[in-house]
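Trainee: Dropping a structure here in structure tokens format, bear with me for questions.
The values are calculated or read from the model by the stated rules, or taken from the named source; none is laboratory data. Predicted, not measured: the structure shown is a model, and the values here were computed from it. With ideal geometry, Cβ positions are generated from the backbone for all residues, glycine too; neighbour counts draw on all protein chains shown. Keep in mind that these areas ignore ligands, DNA and RNA; they rest on the heavy atoms of the full protein, side chains included. Shrake-Rupley method; radii C 1.70, N 1.55, O 1.52, S 1.80 Å.
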Amino acid sequence: MKLSFEGVFFTYSTGVRALDGIDLSIGSGEFVAIVGENGAGKTTLVKLLNGLLRPDGGKVVVGNWDTAEYSTAQLAGRVGFLFQNPDEQLFERAVQREVAFGPRNLGFSERKIASKSMSALKTVGLADHAEDNPYDLAPFERKLLALAATLAMDTPVLVLDEPSIGQDAAGRRRIGRILRELHTMGSTILLISHDLDFCAEYAERAVVMANGHILADGLVEKIFAQNDLLQRAAVFPPQLVRLAQALKMPTAPLKVDQFVNAYSQWHRRKKRA
Amino acid sequence: MHGTLFVSGNSGLHRLHPLTKLALTFLFLVFAATLPNLLWLLAAFVILLVPMSAWGGLLRPFLRSCLVVITPFVISLSIIQGFFTPGETPLFHLAGFVLTGEGLLAGLTVASRILMALGGALLLMLSTRPDMLMLALTRSGLPGSLAYVVLTSIQIFPRFQERAQVILEAQQARGLEIKVNIFKRLRLLVPLMGPLVLSSIVDVEERAMALEARAFSRPGRKTSLLALADSPGQHLARWGLLLLMLALIGWSIWRAISS
């Protein structure tokens with residue numbers, strides 16, 4: 001589903017101007033990483049997508065809906081949202097009921113609710129915990145549960161705020177794999193993260209924000225290789241990029257296998273020369 | 001400080017030692033209980049409390065808070081006392097009930113006693129940081145854990161409000177419609193209150209551990225980052241205020257016996 005921000009401004013009641021004229025359009029099925037330092041406006045930007053915040057000026061469009069005309073609950077059917085802290089939403093006595101909450105709000109049929117929640121639980125690897133109390137799960141499992149609760153809503157757009165935080169290698173890989181799968185199935189994905197290694201591995205496009213502006217927008221390979229740009233945005237470059245730069249390689253591939261190929265080619269050429 | 005009545009400032013009132021202000025608050029409480037009639041009470045309010053709030057640069061918030069709290073008391077007490085106290089001077093008839101002058105006066109007197117006590121408490125709260133007050137109290141012997149309980153209960157409300165807002169957003173993002181009719185509202189309670197209560201319980205444990213990690217229950221005297229300024233004059237004044245309170249209480253007991 002297409003998303004667009006047209007000349008969007010937003011100022012908090014404290015007087016902080018969080019978004020200062022944002023123009024951004026995201027095509028259906030894109031996987032976009034939004035990066036930038038704390039307070040750059042990333043979370044504010046995505047909260048406009050489901051009407052948790054309303055722009056002071058400009059227009060935010062989700063699919064063919066102008067968000068100004070829809071409530072958050074309505075927009076929730078189009079934009080799924082994974083918040084940073086799962087404890088701010090879990091309340092049910094059983095994991096399965098927790099996952100069913102969103103789909104039920106959206107008015108799915110009982111059969112669809114059951115099938116969507118069960119498959120979401122399987123996807124995140126919590127199917128065995130369906131009857132457990134959410135608060136008996138470990139913190140990283142609660143985050144996966146919150147992800148399942150979002151997935152079960154079956155939205156065409158998915159917004160994730162720091163999904164990889166607090167996850168071990170297995171959890172990180174699992175979340176990455178889930179996102180990749182959703183991406184191939186055509187979901188539009190927005191990923192907010194300080195973890196550029198994670199972004200580099202899974203996202204296609206990167207939007208760099210600073211002070212309520214968009215500093216740069218383009219393919220992750222292009223954006224993440226620009227050290228000075230990342231420095232200006234106060235984000236830490238991915239490890240492979242730093243390694244490539246330390247080796248003075250001409251390119252900076254973002255995935256391990258690509259890096260290995262590029263490195264051996266470059267190394268061979270250098271030896272010959 | 002967020003979520004309390006405290007208004008920051010650097011006036012003489014702000015700089016008074018918290019215990020001095022607490023003594024004043026108690027004095028005004030004694031005033032509220034012992035001054036004989038409406039005239040005395042109002043005079044004390046206008047001559048003492050109002051100038052003190054002005055001294056602290058707090059006149060506007062002081063009067064506004066007084067007005068907000070006292071108005072419902074004035075109305076309800078005037079009606080109840082006015083209609084149900086027998087008296088010689090009927091002012092007003094309504095459906096067989098008579099509003100008497102004596103009743104109205106009695107109602108207003110009770111309201112002015114409340115105003116007096118309230119004003120004293122407001123002066124303290126508007127001009128004193130709660131942590132400073134607690135520090136002063138622990139220095140003079142209040143158990144530290146009790147001070148902590150008082151302080152956290154003051155500070156928990158804004159935290160609660162913030163968290164409630166975040167939860168509201170999270171559940172709306174999961175499709176919860178909150179603009180529904182009054183009967184459906186009840187059903188919103190569980191998804192909104194659930195996380196609030198549960199996460200607060202989780203919080204308690206973490207908070208307890210964090211406190212212990214910072215030697216909360218270590219025996220012995222603790223030092224504080226906050227500095228309390230006191231002076232021999234204020235120390236003397238507090239004893240003076242205490243004596244004045246005792247004298248007022250004695251006077252009012254003597255009046256009660258002799259009448």
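Trainee: Going by accessible area, probe 1.4 Å, with all protein chains left in place, what is the ranking of A:His129, B:His93, largest first?
Mentor: If we order A:His129, B:His93 from most to least accessible, we get B:His93, A:His129.
Trainee: Let me ask you something else. I need the calculated FRET efficiency for the pair B:Ser153 and B:Ala227, taking r as the beta carbon distance and R₀ as 30 Å, to the nearest 0.05.
Mentor: Given R0 = 30 Å and the Cβ-Cβ separation, E is 0.75.
Trainee: Given the pairs A:Lys47/A:Lys255; A:Lys222/A:Lys271; A:Lys112/A:Lys222; A:Lys59/A:Lys222; A:Lys143/B:Lys222, which are separated by over 32 angstrom at their Cα positions?
Mentor: Long pairs (Cα-Cα over 32 Å): A:Lys112/A:Lys222; A:Lys143/B:Lys222.
Trainee: Ranked from the most accessible area to the least, with a 1.4 Å probe and all protein chains present, what is the order of A:Phe198, A:Phe236, A:Phe83?
Mentor: A:Phe236, A:Phe83, A:Phe198
Trainee: Tally Lys and Arg at +1 and Asp and Glu at -1 over the other residues with C-beta under 11 Å from the C-beta of A:Gln84: what net charge comes out?
Mentor: -3
Trainee: Counting other Cβ atoms within 10 Å, keep those with at most 12, restrict to DSSP loop, and tell me which trypsin sites (Lys or Arg not before Pro) in segment B:186-259 are left.
Mentor: Filter output for segment B:186-259: B:Arg214, B:Arg221, B:Lys222.
Trainee: Per residue, what accessible area does segment A:9-70 have, given a 1.4 Å probe and all protein chains present, in Å²?
Mentor: 41
Trainee: Evaluate the Debye formula for the protein assembly as shown with equal point scatterers sitting on the alpha carbons, no solvent, and hand back log10 of I(q)/I(0) at q = 0.12 Å⁻¹, in q order, two decimals.
Mentor: -1.13
Trainee: With all distinct Cα pairs included, what does the Kirkwood hydrodynamic radius of segment B:143-213 come out to in Å, to one decimal, could you say?
Mentor: 14.1
Trainee: If you don't mind, there's one more thing I want to ask. Can you give the calculated 222 nm mean residue ellipticity of chain B, where each DSSP H run of n ≥ 4 adds -39,500 (n - 2.57) and the sum is split over every residue, rounded to the nearest 500 deg cm²/dmol?
Mentor: Using -39500 (n - 2.57) per qualifying helix, the result is -24500 deg cm²/dmol.
Trainee: Okay, next question. Let me check I've understood the local charge: for B:Pro18, count other residues with C-beta under 12 angstrom from its C-beta, Lys and Arg +1, Asp and Glu -1. What total comes out?
Mentor: +3
Trainee: Tally the DSSP beta bridges in segment A:3-236 and give the antiparallel ones as a percent, rounded to 5.
Mentor: 55
Trainee: What translational diffusion coefficient, to the nearest whole µm²/s, does segment A:25-94 have by Stokes-Einstein, given a Kirkwood radius computed over alpha-carbon pairs, a temperature of 37 °C and 0.692 mPa s viscosity?
Mentor: 237
Trainee: Short version: ³J(HN,Hα) in whole Hz for each residue of segment A:84-95, in order, from phi by Karplus 6.51 cos²θ - 1.76 cosθ + 1.60 (θ = phi - 60°), x for Gly and Pro, what are they?
Mentor: Per-residue couplings from phi come out as 5, 10, x, 5, 7, 9, 7, 8, 6, 7, 9, 3 Hz.
Trainee: Once Rh is set to the Kirkwood radius over Cα pairs, what Stokes-Einstein translational diffusion coefficient, in µm²/s, holds for segment A:17-147 at a temperature of 37 °C and a viscosity of 0.692 mPa s?
Mentor: The Stokes-Einstein estimate is 198 µm²/s.
Trainee: Within 10 Å of each Cβ in peptide A:70-77, how many partner chain Cβ atoms are there on average? Round it to a whole number, please.
Mentor: Counting Cβ atoms of other protein chains within 10 Å of each residue's Cβ and averaging gives 5.
Trainee: If you take every residue apart from B:Val202 with its C-beta less than 14 Å away from the C-beta of B:Val202, what net charge results, scoring Lys and Arg +1 and Asp and Glu -1?
Mentor: Within the 14 Å Cβ shell, the charges total -2.
Trainee: Taking the Cα-to-Cβ direction at B:Val204 and at A:Arg232 and moving 7 Å from each Cα, how far apart do the two end points lie in nm?
Mentor: Spacing of the two 7 Å Cα→Cβ label points: 5.2 nm.
Trainee: For peptide A:89-99, what's the mean number of Cβ atoms from other chains within 10 Å of each residue's Cβ?
Mentor: 3
Trainee: Please compute one quarter of the surface area of the Cα convex hull for chain B and express it in square nanometres.
Mentor: The orientation-averaged projected area of the Cα hull of chain B comes to 21.2 nm².
Trainee: Over all residues in B:184-191, what is the mean tally of Cβ atoms on other chains that come within 10 Å of each residue's Cβ?
Mentor: Mean shielding count: 1.
Trainee: So, one more: Sort all Cα-Cα distances of segment B:1-44 into consecutive 10 angstrom bins from zero, then give the percent of pairs in each bin up to the one containing the longest distance.
Mentor: Reading the bins upward from 0: 23, 35, 32, 9.
Trainee: Across 10 Å bins from 0, what is the distribution of all Cα-Cα pair distances for segment B:119-259, in whole percents?
Mentor: Per 10 Å bin, starting at 0, the Cα pair percentages come out as 8, 23, 23, 20, 15, 10, 2, 0.
Trainee: For chain A, just the Cα atoms, rotate onto the principal axes and tell me the three extents in Å, largest first.
Mentor: Largest first, chain A extends 68, 46, 31 Å along its Cα principal axes.
Trainee: In addition: In the protein assembly as shown, carbon and sulfur make up what percent of the accessible area (probe 1.4 Å)?
Mentor: Accessible surface attributable to carbon and sulfur in the protein assembly as shown totals 62 percent.
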